[in-house]
Every structure is written in C-alpha cells, then in structure tokens.
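Data first, discussion second: the structure below is written as structure tokens.
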Amino acid sequence: MKNKTIRTTIGLIMLLFLSEGCSKNFLDRMPTDKLDGNTLFANPMGVKVYMANLYGQLPIEDFKFYDRGWSYVEWMAPSVLTMAFLTDEAVHSQWDVMLNNGGNSWWDPGYKLIRDVNLLIDIIPTLGLTESEEKSMLGEGAFIRAFTYYGLAKRYGGVPLIRETQVYDGDVEKLKVPRSTEQETWDFVLSECDLAIANLPDTWLGGERRATKWAAYALKSRAALHAASIAKHWARSPLSGPAVDQGLVGIPAGEANRYYEACIDASAAIMESGKFGLFKPNPTNPQEAAENYRVLFEYPNAAGNEPIFIKGFARTGVDGHNYDVWYNPNQTANGWGYPGRLNPSLEFVDLYESYTNPGHSAPIVTTEDGNVNDYNGYRKDRSYLRFENPYDIFKDKDARLWGTVVLPGTEWKGETIIIQGGYVQPDGEAQIEIDNAITVDGTTYYSYGAPDWTQYSGFNPANIQMTRSGFSYKKMLSSQPITPADRQSITDWMEFRYAEILLNYAEAVAESGFAANNAQLTAEQAINALRRRAGHTVDIPLTIESVIRERRVELAFENKRFWDLIRRREFHTLLNNTPRRALVPLLDLRTSPATYIFVRRTVSRTITRTFNPRHYYVSIPGIGANGLVQNPQY
Amino acid sequence: MMVSVVTFMSCELDNYDMPNAVLFGSIVDAESGELLEQDIINGTQIEYIELGFDDPATQYLVVKNDGTFRNNLVFAGTYTVRPVRGNFFPIDKKEIQVKGDTQIDFQVQPYIRVKNVSIAKAGDKVIATFNLEQTGPNNVRKIGLYAHPEAAVGEPLRKVAVEKVLNEPTDPDATFSLEIDLPSHPTLAPGHPYFFRVGALYDAPEAKLNYAKAVRLAL
C-alpha cells in the first residue's frame, strides 16, 4: 500500500517534469559540475589537471595492457590477461589465449588523445607562462604526441597526421584526413621526439614523474628501432594490396639504416649522459643477482638510476592493478580464489644461458641421451636424469630465471612452492595429472606432492589455478602477502629503463653493422654489462642472436616480446602450428629414497597456434565513414 | 506494454530474393593443364567484387585442396574475379557475367612444380623423394613432408611436419628427400592410415606452398 503511494507520487512528479521541461533558457544553462575550456585553462592548476589527464591517456603498456588495447581488461578486471600469453613467454592455466583478430582497436582512444593534446599545444602561447614554463610544456606536448603516434603507427602503420586542432564548420569532408605513409608517420614520431628533447628539462624540480628530455630520447630509441626493423625485415612476410602500393604499410628497405642510426644516436645520448646506469651492476654471486633483479621490479622507485620513466599506481581499489591476485602461485593466494594464471613456458625457461656454457641457450636436459626435442611424454624405458631436489635441474641457469620464475620446490613468500605432475610407481608405470596416492615402504606419496589442493601449485587438472607448464611467475609481484580483492596492487611500472636502451643500441648496431664511434665494441659491452649484472663472469661476442636472447630474458614479461615479434616479422614463423611446452616434474619411486625426474611435454589441454601475417597490422575501424584505405587482407 | 507494441511493429517478413546463381571453377597449371594443388586453411582465395554499387564489398571464396572452388549461393550480376595470395604468379582480374551456373577457370603459372614424387614406407620410416621445377629465379624458402589423418593435409593442417629450409634456387635435376622417423612421432599410430603430402615454398610476397597430390599410406 505504502509502495503504491510512493510510485504514484513519483509518477506524478515525472509527469510534472515532462510537461514543464521546455522552458525558454533551458538549452543555454551552464552545468554547475563541469568547467569549460576557457575557465580551465585560465587557472594554472587547471592546466596541471589537464596535463595529468593527458599522461593518464598515454598508451603505456603497463600491468593493465592486453591485446593491443585496454578495453577488454577494463570491463572485466585489470590484468586478467597479459601480452605474455600471446607470445612464447607463457601459457594461461585455464585458457588457450589467442590474438583477437589482429588485436583490440586503439584507434578512437588514440585520436581522442591527439585532439586533447593538440588543444593544449594550441593554447600554450595564450597562457601567459614564463619562458621556461612554456618551453617545458611545449616539450611535454610534443612528447605526448610522439608517444600517441608511436602507439598508432605500430598498430596501424601509416595513419592520418593531425598536426593541429580540427574545427568543424559544418563540412564534414574537411575533417577527413587521408593516411600518411608508414615512413612519414614514423618520421613524424621521430621529429616530435626531437622537439620534445629540445624543450624538456633534465629533471623536474619537484621530482614529479613527468616526461624529461631523457624519456624523450628513450621513446625515440624505441620508435626508431621499430621503424628500422620494419624496413629491414618486411621481406620476411611481405603483404600486398592498395595499402602496400600506396606505402601506407611497409617501409623501403633502403631506409633501415637511417632508422637504426637514429636509434643508435638517441640511445647513445642516454648512455653518454652519465645520468643513468644499471641497478646493482656487480653482484658477488648469482643468488644475489637473482634477488637484485627481482627487487628492481618490485620497487622501481628505489632502483637507483636505472628507471628513465615510471608510471605510478597509487590508489588501491581504484586504479590499482591485479598482477598479484591473478599471477601468484596457488599456495600464496592468501584466500583469493583465482591465482596461478600466468605460467612461464618451457620454451622460455630453455632460453636462458647456463653459467657453464656462456653465449648459448641451455635447454633443460631431462634424459641421459640429452634429446631435448622429444615431447612425447613419459616412457618407462627411457633413462631419465635424477635429482634430489626439484630445482637442482636448473642449477647454473642465469640468475634472471630465478628472479622471474617460481621454479618447482623453491621458496616464495616463505613457502616452498610445490609443483609436481605425478609419480612413477616402483613398477615403472607413471601416474601423471591423475589425483592419486600410493604407499611405498610405509610412506604415502601424492600425485601433486601434497594431500590437499591448498598445499601445492601445479598440474591438478581439476583446479584452474594450478600451473600446467611446470612454472609459476614472480617478476614484478609484491613480496608482501596479497590483499585478496580487486585492484589492490600498486607496484609502479617502469615504462623506460636503462637496460632497454642498452638492448636497443646493441640491436641497432648488430643489425646495421654500424661501426663509427667504436659502436661495435660499445654494443658488445652493453650486452655484457647486462649479463654481468645477472651473475655472468665470461663476456660473449656481439651477434644478433646474442642480442635477441639477451633482450628476451632481460625484458621478459615487460610486454616487449609481442612487439619484437611484430616488428622483426618473426611471429608467423614462431607460431605455425606451434604447440606450447611444459616441464613436468615426477617423483620417481623406483629409487629409495625417491628422486625427481622431469618430462618435457606438450602442455595439457592446449591447441597449437598459428599467426596469420595480416595481423602484423590491425584493421582500421570505420572505413565506411572515414574513407581511409584499409590494411591488407581485412 | 508500449515497448512491446513498438518491438512487434518492427518485424516484417524478409521478402528479398534468394541468391540465384552458382560460381565455380578451378585453378589450372597453364602448361600441364592439370589442377593446381592448394591449401584450404590460409590458402589461395578467390576475390570477387560485384559491380554496379558505389562502394562494393570485396568477397572471398576458399579454394579446395584439389584446386577447385564453388559457391552455390551467388547473386547473378557482373563481377570482377581473381585469385589472390596464391602459389602461382599473380594474374589480372577478369570481368565476368554470373548467371545460372557460371564456370571460370584461371590459367596460371605455378611458382614451383613438385614432380616425380614417391612417398613410401620403408622400415620404420616414411620416405619421400621428389624433384622441384621452379618457374622463376627466386629462392625456394623451404620444402616439407606433411602427415595428417585427413586428405586435406598440408603445411597448415598436419600432425607431423618434417621441413628443410633451403633459401636457395633449386636445380630441376636435383632429387630432394625428406623422411619421417615413425618411432619418434607417436602421434602417427601404427595400424592407421594417414595422408602424406610434399610441398615447397617459393620466395615471393604472400606466396603459398606448391604441392604434389597427397598419398594415403597405412602404417
């Protein structure tokens, strides 16, 4: 009865509104909760707020980034997926993660940011700033515009270059700008970087995390390397069609060395500035090196002069990310229901060098015959190598493996992380990925290394939070107990760090053969400085293979691998009916005491992956309305 | 109530005509007159565009492994048609009238002819030997022997692949040999029949592999 009265009342009020809504000045009223442009820019604080918003829109591929866009993770839950799943770095514990037809679009957000930054650049001269303030703000505008066009160019190739704010005067055709060539687009990115370098300060007095001259050099180093790679490696997977004929995708091979040299120059400026260096470059032993490497990502702000540009995460529950809740091993979930999702792959673990054989990847050898290409599973009659502890098989592997990956049987957050796929019975028959137990000589052994699912972290197919590759993940995770809720992680993200600059430099030198200014030697020293920081004591020569291996292990899980495969046109050869691989530790009860053996195998419940070459570019949305030339094969 | 009235009002019967024509044909080696072997997955496609519209959509047909294609649901009209991204030198588009059953065969020059193929089981190996006759000056990127339970076997559809990277021009008299060691590939179960096919990839933009016909072998 009461409800009915309320409803009637509301109905009457609404009727009142509806009939009265069209008063004379209604459309001219100013909103009381919003500012217009003039008011905002009239106040220095307003400009600052506007600037912070632009930084927030930058396409920094941080913890929340996935599949060339951000939309998917934002509606679901940040970090539920990450780029590593699309590469050969990792496998998801539950899903076969596939590229979403070329990737999520970043077209609309990109051009929104371009418009927003163009508005700012236009208004700077009218703000009445001091000369130095105006200079640094112009530099920031150029940096943001360069970063945005870099984000667009690596997805779409050549794009329309909107150099000043567009004004709509009733003729929509005037707003349509055709695509520039891919080469022109990259050249624009580099020239905007130059503008930023010329105008930005060395540091910000208040220590704010805003773009500096050095961040602009770093962006230029990265962008030039991308453009150079496309020019040099286009022929590995050429495309055809109108977009190619008009140069909207692809760069002539003759341009490669110009871009490589731009990368070398920008990187050298940072390397010669004396302002940056590696965090703890000379560890006394590999254990120390592994911990140094791990800490670098947990506390980037305390990482000496290695970071060049950091994106901060501050407010838990609001704009925090979810790496810790999704990616901790099952045993350290601290009550959260969905951990253990990020499982580094065996191919990735294989990649690391061993201290005993410098300069070469050291695939995990599991059998006496040393065959590392047999993925056919356990066979009773094979002679497996035996280990007392499950982690002994990784002895002498590069410290960064230990700092990136939770290996079976190692400690993490005070727990021994148990990753075991089954056991071999005394009669030689194996129980693999079957929840079972056996008693031998009065002792009971369990398939997964412990009786209860909360006590182990691997392989049980009934639990989607168990690693199925044999490895769990820890790089960039907090060493503190997690808060089992959404968006609680506030680890900061290093968008540019010194190590990447060294690797960009070394790759550009190795690819181009550039030899002036002693570049060959400097490049060799660069990769060996990274290796020494990782506990290596023997230097290796500069080759493109050693640079790429070093890049993959040093920058692992920093969302670089995906773009490396794109720009170097290696995706379609890497993923061609390619299975994912696991290392399965088994407890072998044929010996007493029991020992660990390992089986190299295809990851359970996965399918093979193939990369379609058209996905080297993303499709351009809305060509029916914007009239742009579409990318090949879309 | 008002909402449902509005919703129901918007439904009308679709009274457009059905597609009333058939487009079919084949891709033929102009020299030998034989069908040119293809892949279904990521293989050659037939690109066709219906003329008479301002902004016509480009449509695609998949080519079957034997080199034929067919679409039984096409609207009669004028089209431009051409095969694209194939295993032969690109050819110009053709303008055709599609009406009733319309056949169009494309005479092409394959990048490579895979000849004198022998695939046989010997002991616990499957051994393939063949010659390659390439029709252009570029490198041959790789050769491969592929196995799968389905007859549509090829580089994209295989249980087992044994490939060799060449990256060099080939001599038509040279005999190439590839072998699958059965014990190290337990996915090929003894006692079951499988299809085997050899292919070679020419170094040209967006080139697809050239093949010989698949061979069925019981292991």
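The values are calculated or read from the model by the stated rules, or taken from the named source; none is laboratory data. The model shown is predicted, which means the values in this text are computed figures rather than measured ones. Counting neighbours? That spans all protein chains shown, and the Cβs are built from the backbone with ideal geometry, glycine included. Accessible surface is based on the protein model in full, side chains and every heavy atom, while ligands, DNA and RNA are left aside. Shrake-Rupley method; radii C 1.70, N 1.55, O 1.52, S 1.80 Å.
Listed by position, the helices (runs of 4 or more DSSP H) inside segment A:171-253 whose residues that are within 14 Å of chain B (Cβ to nearest Cβ) number at least 3 are A:242-245.
Go through segment B:67-99 and give me each residue that's under 19 Å from B:GLY154 (Cα atoms), at pLDDT 95 or above and open to solvent by 20 Å² or more (accessible area, probe 1.4 Å). Hit for segment B:67-99 is B:THR68, nothing else. Selection within segment A:410-426: residues that are touching a residue at least 60 places away in the same chain (Cβ under 8 Å) and out of contact with any Leu (no Cβ under 7 Å at 6 or more places or on another chain). The member of this set that is nearest to A:PHE557 (Cα to Cα) is A:TRP412.
Let me confirm something: among A:ALA198, A:ALA235, A:ALA253, A:ALA243, which residue is more than 27 Å from the chain's Cα centre (by Cα), open to solvent by 20 Å² or more (accessible area, probe 1.4 Å) and more than 28 Å from A:VAL49 (Cα to Cα)?
Numbers: A:ALA198 fails: more than 28 Å from A:VAL49 (Cα to Cα); A:ALA235 fails: more than 27 Å from the chain's Cα centre (by Cα); A:ALA243 fails: open to solvent by 20 Å² or more (accessible area, probe 1.4 Å).
Result of the check over A:ALA198, A:ALA235, A:ALA253, A:ALA243: A:ALA253.
Put simply, of A:ARG533, A:ARG561, A:ARG552 the only residue that is open to solvent by less than 10 Å² (accessible area, probe 1.4 Å), more than 14 Å from chain B (Cβ to nearest Cβ) and under 30 Å from A:PRO281 (Cβ atoms) is A:ARG533.
Within segment A:360-370, is there a residue that is within 14 Å of chain B (Cβ to nearest Cβ), in contact with a strand residue (DSSP E or B) (Cβ under 8 Å, 6 or more places away or on another chain) and within 30 Å of A:ILE548 (Cα to Cα)? Yes, segment A:360-370 has at least one match. Whenever a residue of segment A:223-243 is over 22 Å from B:ILE91 (Cβ atoms) and in contact (Cβ under 8 Å) with a residue 24 or more places away in the chain, it has no partner that is of a type in the set (S, T, N, Q) and open to solvent by 10 Å² or more (accessible area, probe 1.4 Å) lying with C-beta atoms less than 7 angstrom away and at least six residues away or across chains. Would you check if B:ARG141 is farther than 13 Å from B:ARG113 by Cα, within 20 Å of the chain's Cα centre (by Cα) and not in a strand (DSSP E or B)? Answer is no for this residue. Considering segment A:615-633, the residues that are in a loop (DSSP other than H, G, I, E, B) and within 10 Å of another protein chain (Cβ to nearest Cβ) include one that is surrounded by the most Cβ atoms within 10 Å (Cβ to Cβ), namely A:PRO632.
The rows are residues; the columns are (1) of a type in the set (S, T, N, Q); (2) modelled with pLDDT of 95 or more; (3) in the same structural domain as B:ALA200 (by TED's automatic domain parsing).
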{"site": "B:ILE104", "(1), (2), (3)": "no, yes, no"}
{"site": "B:ASN116", "(1), (2), (3)": "yes, yes, yes"}
{"site": "B:ILE119", "(1), (2), (3)": "no, yes, yes"}
{"site": "B:ASP124", "(1), (2), (3)": "no, no, yes"}
{"site": "B:ILE127", "(1), (2), (3)": "no, yes, yes"}
{"site": "B:PHE130", "(1), (2), (3)": "no, yes, yes"}
{"site": "B:PRO137", "(1), (2), (3)": "no, yes, yes"}
{"site": "B:PRO149", "(1), (2), (3)": "no, yes, yes"}
{"site": "B:GLY154", "(1), (2), (3)": "no, yes, yes"}
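In segment B:46-59, what count of residues is obtained for those that are more than 14 Å from chain A (Cβ to nearest Cβ) and either farther than 17 Å from B:ILE104 by Cβ or open to solvent by 50 Å² or more (accessible area, probe 1.4 Å) (or both)? Summing the residues that are more than 14 Å from chain A (Cβ to nearest Cβ) and either farther than 17 Å from B:ILE104 by Cβ or open to solvent by 50 Å² or more (accessible area, probe 1.4 Å) (or both) in segment B:46-59 gives 2.
Residues in segment A:359-376 include at least one that is within 28 Å of the chain's Cα centre (by Cα), more than 30 Å from B:THR187 (Cα to Cα) and either open to solvent by less than 30 Å² (accessible area, probe 1.4 Å) or of a type in the set (Ser, Thr, Tyr) (or both). Is it true that A:LEU503 is buried (at least 18 other Cβ atoms within 10 Å of the Cβ) and in contact with a strand residue (DSSP E or B) (Cβ under 6 Å, 6 or more places away or on another chain)? Here the answer is no, as A:LEU503 does not meet what is asked.
Residues of segment B:129-149 being charged (D, E, K, R) and within 14 Å of chain A (Cβ to nearest Cβ), which ones? Of everything in segment B:129-149, those that are charged (D, E, K, R) and within 14 Å of chain A (Cβ to nearest Cβ) turn out to be B:ARG141, B:LYS142.
Filter segment A:377-400 for residues that are over 29 Å from the mean Cα position of the chain (by Cα) and part of a loop (DSSP other than H, G, I, E, B) and give the result. Lay out the reasoning, then the answer.
First, the residues of segment A:377-400 that are over 29 Å from the mean Cα position of the chain (by Cα): A:377-390, A:392.
Listed by number, the residues that qualify are A:GLY377, A:TYR378, A:ARG379, A:LYS380, A:ASP381, A:ARG382, A:SER383, A:LEU385, A:ARG386, A:GLU388, A:ASN389.
When every residue of segment A:553-563 is checked against the conditions, none turns out to be at negative phi and out of contact with any Lys or Arg (no Cβ under 9 Å at 6 or more places or on another chain).
Which pairs turn up if I take residues in segment B:181-201 that are under 17 Å from B:ALA218 (Cβ atoms) and look for partners that are surrounded by 13 or more Cβ atoms within 10 Å (Cβ to Cβ) and of a type in the set (S, T, N, Q) with beta carbon separation below 7 Å, at least 6 apart in sequence or on another chain? Taking only residues 6 or more apart or on different chains, the pairs are B:PRO186/A:ASN376. Could you pull out the residue among A:TYR50, A:TYR55 that is closer than 24 Å to A:ILE308 by Cβ, of a type in the set (Ser, Thr, Tyr) and not in a loop (DSSP other than H, G, I, E, B)? When all the criteria are applied, what remains is A:TYR55. Looking at the structure I just gave you, is A:PRO585 within 14 Å of another protein chain (Cβ to nearest Cβ) and under 30 Å from A:GLN431 (Cα atoms)? Considered against the rule, which asks whether it is within 14 Å of another protein chain (Cβ to nearest Cβ) and under 30 Å from A:GLN431 (Cα atoms), A:PRO585 comes out as no.
Could you please let me know if A:PHE611 is crowded, with 19+ Cβ neighbours inside 10 Å and either charged (D, E, K, R) or more than 14 Å from chain B (Cβ to nearest Cβ) (or both)? Don't jump to the end; show me each part of the working.
On the way: crowded, with 19+ Cβ neighbours inside 10 Å: yes; either charged (D, E, K, R) or more than 14 Å from chain B (Cβ to nearest Cβ) (or both): no.
No: the conditions fail for A:PHE611.
Taking (1) away from chain A (no Cβ under 12 Å); (2) surrounded by fewer than 21 Cβ atoms within 10 Å (Cβ to Cβ); (3) among the β-branched types (Val, Ile, Thr) in turn, B:VAL165 satisfies each apart from (1).
Restricting to segment A:564-596, name every residue that is charged (D, E, K, R) and open to solvent by 30 Å² or more (accessible area, probe 1.4 Å).
So in segment A:564-596, the residues charged (D, E, K, R) come out as A:564, A:567-570, A:580-581, A:588, A:590.
Answer for segment A:564-596, where residues must be charged (D, E, K, R) and open to solvent by 30 Å² or more (accessible area, probe 1.4 Å): A:GLU570, A:ARG581, A:ARG590.
Give me the residue from segment A:265-313 that is among the basic types (Lys, Arg) and not in a helix (DSSP H, G or I) and, out of that set, surrounded by the fewest Cβ atoms within 10 Å (Cβ to Cβ). This residue is A:LYS275. Restricting segment B:26-45 to residues that are away from chain A (no Cβ under 14 Å) and of a type in the set (A, V, I, L, M) leaves a set whose member that is least open to solvent (accessible area, probe 1.4 Å) is B:ILE27. Might you let me know whether segment B:152-161 holds any residue that is within 14 Å of another protein chain (Cβ to nearest Cβ), open to solvent by 40 Å² or more (accessible area, probe 1.4 Å) and under 25 Å from B:SER32 (Cα atoms)? No, segment B:152-161 contains no residue that is within 14 Å of another protein chain (Cβ to nearest Cβ), open to solvent by 40 Å² or more (accessible area, probe 1.4 Å) and under 25 Å from B:SER32 (Cα atoms). A:TYR327 meets each of the listed conditions (1) at pLDDT 95 or above; (2) among the aromatic types (Phe, Trp, Tyr); (3) more than 22 Å from A:GLN420 (Cα to Cα) apart from (3).
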